[in-house]
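Input: a single structure, listed below in structure tokens.
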Amino acid sequence: MAFTAHAETKRAAFSNGASEFKWTLKELNPDLPSDWSPYEFLVLEFKASSSQRFDLGLQTSNGRYAKRIGPFAGVWVRASIPLRYYRQPAGDGADLAATFNQPRNSYWINIHSSAYGPTTNVSALTVTMNDPVGSPTLEVRSVSLSTNDSGDAVLEGKPLVDELGQYTHADWPGKAKSLDDLKKAWAAEAAALNSSPTNHCTYGGFADTHAKATGFFRVEQIDGRWWFVCPDGHLFYSTGLNGVGTASGTRVQGREDLFAALPPANLSPAGRGGRSFGGSFYTWNLQRRFGDDWRPKWAEFTTQRLRAWGFNTMHNWGAPSREQAEPRVPYAMMMRGWQTGRAIMGMPDVYAADFERRVDEAAASQLEPFRDDPYMLGFFIGNEPPWPGREGQLADLILSGPDSEIKTRLKGFLADGDTRARRKEFVLAAFQRFVETINAAVRRYDTNHLNLGIRFGGEPNEEVLKGAHGFDVFSVNIYNYAPSRKTFDRLYALMQRPILIGEFHIGSPERGMASGLVQAASQEERGVAYRYYVEQCAAHPALVGTHWFQYLDQPVTGRNDGENYNIGFVDVTDQPYRELVEAAKTTHARLCEIHSGKTEPVSRKARPN
């Protein structure tokens, strides 16, 4: 079921701190009904002048339901938007990103924002943009409804991506116009790259400080302040980069015409090739930079680069490769594979007969090869569980899912009373079993390295944190301009362990990419934002480090879940963002004094627009 779209174009021009525009259904298309319940897709065409995200809302009798759209800049696209995102809560994903990010072919959508509900009485569409950068505009036309997916499409301006992986409909200082330009830029960076700071030890600790050396990383509270201590006995504050790797693939299948050229499929296994989850332009550029035997050269150069910039930790979603060259920098390992069968909202069946065996095998296989490696900072046992605050929904999914031991136990538990409180009680008890089982297993196979815990997303509540003990370090991912002193005081009071920021970032809506979860107005302001976040954290006595997400920009056409954030220290052509790098170097040189309480952190915040 569908009907002819009304083609009159509506235009929104965003300015100031927050801009909102509303168009009634009659303004958009006189044939649009108010009851959308028979339809499954909202189909429209839009053109955004900027890659800055905007919220597309449905005004209903129950209020507004808005979801966040990540657009391609400067081109008309057709978007066939599933209405289920507006009607029902986010579903089952392994972590927060997998739960809320939804890839599409001509845009991407994040469904975390705002409410959801019935679409039986829709009166208008709204578009909203917070902190617009550079007076962006949005044009909308051809609004209709459909029972079937009409398909997403880029309607003009193809290809969107040049052979170097750069967006074709944007320009910026340093954009490579040719491979020869790029080679000159690479040569200039290599010639100018300074050596690592002389006041740091081999591991990146502060060379003129001294504590007990054990041959592995550990934590210690000294004069009321927590520190990592490196294997050689130097105080160590972890400045980390996530995603230090050689590949950043994008979805290609069905979108081949968006690309001027595609990376060779034979880049694997050194870098991702193939077509369905596509070639990595970053890997292709590394091959162009370092030659066919590029991996060892990349590893050596990246080691030099990170040390020169003052980064002493990296993290790349798993164990480092034992077959291929890696940067020689201390690393944090992400451990996985705890589930028996299918996990629901990240929660495995912790009562399954083979759960403990599965956990034991996963701990052994991941830790035994690295338990004597002094370069391992520690290991995380989980990442951003998506169920906290949604315990009732997790219980619903367990009960409606296939037969399992956790389902049997939940049904038995609820037989004595099915309330929201009792559902939460059951989930929290399952989570505590999850943590205790894994903590016991990892200690059986590795007593040398730090258990860095679960990287929680945001600020988990006290009930959740009661089950999250037994870690050497408490890890949390907080996306903001900087967590408040009150936040850290609360977390430390609850956990009584040193705190590590597992993820944060600040991006700018430039080069065809979105700004990420926290926005700065420009590349210069990204540098300001980095300094403020890291120094404000370092000033707190419980903090032992901050890890930026991520080393490399995401693909301009989106990673597997659609995200296309301008959040890298380097871009797709392996060129560094110099404003961000210089700001990081300045801050990293101050961290020992700041964390010791001898120097005040910077107070200037970044401008969002």
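Within the stretch 383-432, if we keep just the residues that are over 20 Å from THR340 (Cβ atoms) and of a type in the set (S, T, N, Q), the residue that is farthest from the chain's Cα centre (by Cα) turns out to be THR419.
Just so you know, in the stretch 433-470 the residues that are surrounded by 16 or more Cβ atoms within 10 Å (Cβ to Cβ) and of a type in the set (S, T, N, Q) include one that is farthest from the chain's Cα centre (by Cα), and it is ASN448.
Table: residues versus (1) aromatic (Phe, Trp, Tyr); (2) buried (at least 21 other Cβ atoms within 10 Å of the Cβ); (3) modelled with pLDDT under 80.
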site: THR250; (1), (2), (3): no, yes, no
site: ALA260; (1), (2), (3): no, no, no
site: ALA265; (1), (2), (3): no, no, no
site: GLY271; (1), (2), (3): no, yes, yes
site: ARG275; (1), (2), (3): no, no, yes
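Does ASP561 satisfy being part of a loop (DSSP other than H, G, I, E, B), in contact (Cβ under 8 Å) with a residue 24 or more places away in the chain and surrounded by fewer than 20 Cβ atoms within 10 Å (Cβ to Cβ)? Here the answer is yes, as ASP561 does meet what is asked. Give the residue that is surrounded by the most Cβ atoms within 10 Å (Cβ to Cβ), with candidates limited to residues of the stretch 490-528 that are of a type in the set (S, T, N, Q) and at negative phi. Step by step, filter the stretch 490-528, then rank; the result is SER508. Just one of the numbered conditions (1) within 13 Å of the chain's Cα centre (by Cα); (2) more than 30 Å from GLY558 (Cα to Cα) is not true of ASN477: (2). Considered as a group, the residues in the stretch 589-607 that are over 19 Å from PRO197 (Cα atoms) and among the hydrophobic types (A, V, I, L, M, F, W, C) include one that is farthest from the chain's Cα centre (by Cα), and that residue is VAL602.
Residue-by-condition table, conditions (1) modelled with pLDDT of 95 or more; (2) under 30 Å from the mean Cα position of the chain (by Cα); (3) under 24 Å from GLY516 (Cβ atoms):
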residue: HIS112; (1), (2), (3): no, yes, yes
residue: ALA115; (1), (2), (3): no, yes, yes
residue: VAL122; (1), (2), (3): yes, no, no
residue: PRO136; (1), (2), (3): yes, yes, yes
residue: ARG141; (1), (2), (3): yes, no, no
residue: LEU145; (1), (2), (3): yes, no, no
residue: ASP152; (1), (2), (3): yes, yes, yes
residue: PRO159; (1), (2), (3): yes, yes, no
residue: TYR167; (1), (2), (3): yes, yes, yes
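Per-residue answers, yes or no, for (1) in contact (Cβ under 8 Å) with a residue 12 or more places away in the chain; (2) in contact with a Leu (Cβ under 9 Å, 6 or more places away or on another chain); (3) not in a helix (DSSP H, G or I):
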site	(1), (2), (3)
GLY453	yes, yes, yes
GLU459	yes, yes, yes
GLY467	yes, yes, yes
ASP472	yes, yes, yes
VAL476	yes, yes, yes
TYR479	yes, yes, yes
ALA482	yes, no, yes
THR487	yes, no, no
ALA493	no, no, no
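Could we say that VAL528 is under 30 Å from VAL229 (Cβ atoms), among the β-branched types (Val, Ile, Thr) and outside any loop (DSSP other than H, G, I, E, B) here? Against the criterion (under 30 Å from VAL229 (Cβ atoms), among the β-branched types (Val, Ile, Thr) and outside any loop (DSSP other than H, G, I, E, B)), VAL528 does not qualify. Any residue at all in the stretch 53-76 that's polar (S, T, N, Q), at pLDDT 95 or above and within 21 Å of GLY562 (Cα to Cα)? Looking through the stretch 53-76, none of the residues is polar (S, T, N, Q), at pLDDT 95 or above and within 21 Å of GLY562 (Cα to Cα). Evaluated against (1) in contact with an Asp or Glu (Cβ under 8 Å, 6 or more places away or on another chain); (2) of a type in the set (A, V, I, L, M); (3) under 25 Å from VAL252 (Cα atoms), ALA66 falls short on exactly one condition, (3). For the stretch 298-329, give me the residue count where each residue is in contact with a Gly (Cβ under 6 Å, 6 or more places away or on another chain) and either surrounded by fewer than 17 Cβ atoms within 10 Å (Cβ to Cβ) or at pLDDT 95 or above (or both). Number of matching residues: 2. Yes or no: the stretch 534-557 includes at least one residue that is buried (at least 24 other Cβ atoms within 10 Å of the Cβ) and in contact with a Cys (Cβ under 8 Å, 6 or more places away or on another chain). Yes, there is a match, as at least one residue in the stretch 534-557 is buried (at least 24 other Cβ atoms within 10 Å of the Cβ) and in contact with a Cys (Cβ under 8 Å, 6 or more places away or on another chain). GLU463 passes every criterion in (1) in a helix (DSSP H, G or I); (2) out of contact with any Lys or Arg (no Cβ under 8 Å at 6 or more places or on another chain); (3) acidic (Asp, Glu) apart from (2). For the stretch 564-598, a residue qualifies if it is within 30 Å of ALA542 (Cα to Cα), acidic (Asp, Glu) and in contact (Cβ under 8 Å) with a residue 24 or more places away in the chain, and the qualifying residues are GLU579, GLU582. Taking the condition among the charged types (D, E, K, R) and over 24 Å from ASN312 (Cβ atoms), does ASP561 pass? Yes. Evaluated against (1) out of contact with any helix residue (DSSP H, G or I) (no Cβ under 9 Å at 6 or more places or on another chain); (2) in contact (Cβ under 8 Å) with a residue 24 or more places away in the chain, LEU42 falls short on exactly one condition, (1). Among the conditions (1) in contact (Cβ under 8 Å) with a residue 40 or more places away in the chain; (2) out of contact with any helix residue (DSSP H, G or I) (no Cβ under 6 Å at 6 or more places or on another chain); (3) over 30 Å from PHE236 (Cβ atoms); (4) not in a strand (DSSP E or B), the only one that GLY165 does not satisfy is (2). Take the conditions (1) of a type in the set (A, V, I, L, M, F, W, C); (2) part of a strand (DSSP E or B); (3) in contact with a helix residue (DSSP H, G or I) (Cβ under 9 Å, 6 or more places away or on another chain); LEU145 misses just one of them, which is (3). For ASP208, the requirement of being touching a residue at least 40 places away in the same chain (Cβ under 8 Å), among the charged types (D, E, K, R) and surrounded by fewer than 18 Cβ atoms within 10 Å (Cβ to Cβ) is not met.
Would you be able to say whether some residue in the stretch 474-489 is under 29 Å from ARG357 (Cβ atoms) and either exposed (fewer than 15 other Cβ atoms within 10 Å of the Cβ) or in contact with a helix residue (DSSP H, G or I) (Cβ under 6 Å, 6 or more places away or on another chain) (or both)? Yes, the conditions are met somewhere in the stretch 474-489. Selection of first residues in the stretch 309-324 that are more than 16 Å from LYS585 (Cα to Cα) and of second residues that are outside any helix (DSSP H, G or I) and of a type in the set (Asp, Glu), restricted to Cβ pairs under 8 Å at least 6 apart or on distinct chains, gives the following pairs, ordered by first then second residue: PRO320/GLU326. Among the residues of the stretch 105-128, the ones that are in a loop (DSSP other than H, G, I, E, B) and crowded, with 18+ Cβ neighbours inside 10 Å come to 5 in all.
Taking strands (runs of 3 or more DSSP E) as the structural unit, those lying wholly within the stretch 1-84 and holding at least 2 residues that are more than 17 Å from GLY151 (Cα to Cα) and of a type outside the set (S, T, N, Q) correspond to 10-13, 18-24, 54-60, 63-71. Scanning the stretch 313-356 for residues that are part of a loop (DSSP other than H, G, I, E, B), farther than 30 Å from THR303 by Cβ and not hydrophobic (A, V, I, L, M, F, W, C) gives GLN339, THR340, GLY341, ARG342, GLY346, PRO348, ASP349, TYR351, ASP354.
The values are calculated or read from the model by the stated rules, or taken from the named source; none is laboratory data. Here the structure is a predicted model, which means the values were calculated and not measured. Note that each Cβ is placed from the backbone with ideal geometry, even for glycine, and that neighbours are counted across all protein chains shown.
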